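Undergrad: Please read through the structure below; I'll follow up with questions.
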Amino acid sequence: MKIASFNINGIKARTPALLEWLKEAKPDVALLQEIKSVDEAFPREIFEELGYNVETHGQKSFNGVAILSKYPLREIERGLPGDKSDEQARWIEATICLPHEIKICCLYLPNGNPLPGPKYDYKLEWMDRLYNRAKELISSEKPSLMAGDFNIIPQAEDAASPKTG
């Protein structure tokens, strides 16, 4: 199975590039971050015509994640468990149905800038919830995968602009 992750940074502006990439790379599953679209405005029909099942967790103008899968999806969960008041669309998970099942989780982790501040505090809280969800998935002993934009820069040279991040 070929699984790919792509920070699309706005589905409206990048649909043509995404379609070209999907046709060329032919992933079985594509995990998208920063779709920046509400669910109703996501151009799902275009991807369904290519044979993808589509599930989204969107938000107007910000964030948003999606799973495109050549295989049926079930048990869709939107939002990272642990904080029902969190309205940011940064997590979607689904079970892919094959002869065996695999849980696929697509995430867009907050970047936390500026530091210190409430955005950084939110990132740390989100990471705690992510850690807890990862522990749950591991303890289930079922195949699972987490992928997406982790917004982690281990070294300064990993940033597009090391001085500004």
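What follows draws every value from the coordinates through simple rules; no lab data is involved. Since we're looking at a predicted model, the values are computed, not measured. Cβ: placed from backbone, ideal geometry, glycine included. Neighbour counts: every protein chain shown.
Undergrad: Tell me, what is the percent relative contact order of the chain, built from C-alpha pairs under 8 Å that lie six or more residues apart?
TA: With pairs under 8 Å counted, the relative contact order is 17 percent.
Undergrad: Enumerate the amide H contacts of G112 below 5 Å, restricted to partners 5 or more residues apart or on another chain; note that Pro and chain-start residues carry no placed amide H.
TA: Hits under the 5 Å cutoff: none.
Undergrad: Using per-residue counts of other Cβ atoms within 10 Å, averaged over each peptide, order 33-39, 73-79 from highest down.
TA: Ranking the peptides 33-39, 73-79 by packing returns 33-39, 73-79.
Undergrad: Further question on the same structure: According to a simple spin-label model (label point 7 Å from Cα along Cα-to-Cβ), what is the distance in nm between D128 and E24?
TA: Spacing of the two 7 Å Cα→Cβ label points: 4.3 nm.
Undergrad: OK, next. For region 1-72 and region 76-103, what is the separation of their Cα centres, given in Å?
TA: For region 1-72 versus region 76-103, the Cα centre distance is 16 Å.
Undergrad: Right, another one. Give me R133, R90 ranked fewest to most by other Cβ atoms within 10 Å of their Cβ, as a rough exposure proxy.
TA: If I rank by nearby Cβ atoms, fewest first, I get R133, R90.
Undergrad: Please give the net charge around L109, taking every other residue with its beta carbon less than 10 angstrom from that of L109, where Lys and Arg add +1 and Asp and Glu add -1. Show your work: numbers first, answer last.
TA: Values: positive: R90, K123; negative: D149.
Charge balance near L109 sits at +1.
Undergrad: For n ≥ 4 DSSP H runs only, could you compute -39500 (n - 2.57) per run for the chain, divide by its residues and tell me the 222 nm figure to the nearest 500?
TA: Rounded to the nearest 500, the figure is -8500 deg cm²/dmol.
Undergrad: Under 29 Å between alpha carbons, and skipping anything fewer than 8 positions from K12 in its own chain: which lysines qualify?
TA: Of all the lysines, those that pass the test against K12 - Cα under 29 Å, at least 8 places apart if same chain - are K2, K23, K26, K36, K60, K70, K84, K103, K119, K123.
Undergrad: Note the listed values (i) 2, 8, 17, 21, 21, 15, 11, 5, 1, 0; (ii) 1, 8, 15, 17, 15, 12, 10, 8, 5, 4, 2, 2, 1, 0, 0, 0; (iii) 2, 9, 19, 22, 22, 16, 7, 2, 0, then indicate which one is P(r) over Cα pairs in 5 Å bins from 0, in percent calculated from this particular structure.
TA: Matching entry in (i) 2, 8, 17, 21, 21, 15, 11, 5, 1, 0; (ii) 1, 8, 15, 17, 15, 12, 10, 8, 5, 4, 2, 2, 1, 0, 0, 0; (iii) 2, 9, 19, 22, 22, 16, 7, 2, 0: (i).
Undergrad: Something else about it: Order of E101, E40, E55 from fewest to most other C-beta atoms within 10 Å?
TA: Numbers: E101 14, E40 8, E55 23.
The order, fewest Cβ neighbours first, is E40, E101, E55.
Undergrad: ³J(HN,Hα) across region 32-46 via Karplus (A = 6.51, B = -1.76, C = 1.60, θ = phi - 60°), whole Hz, x for Gly/Pro?
TA: 10, 10, 6, 5, 6, 8, 6, 4, 5, 9, 5, x, 4, 4, 4
Undergrad: Suppose R0 equals 35 Å; then what is the FRET efficiency for R78 and I153 from their Cβ-Cβ distance, rounded to the nearest 0.05?
TA: Details: r = 27 Å, r/R0 = 0.78.
After rounding, the FRET efficiency stands at 0.80.
Undergrad: For the chain, give the magnitude of the charge dipole about the Cα centre (Cβ charges: +1 Lys/Arg, -1 Asp/Glu; no others), in debye to the nearest 20.
TA: 180 debye
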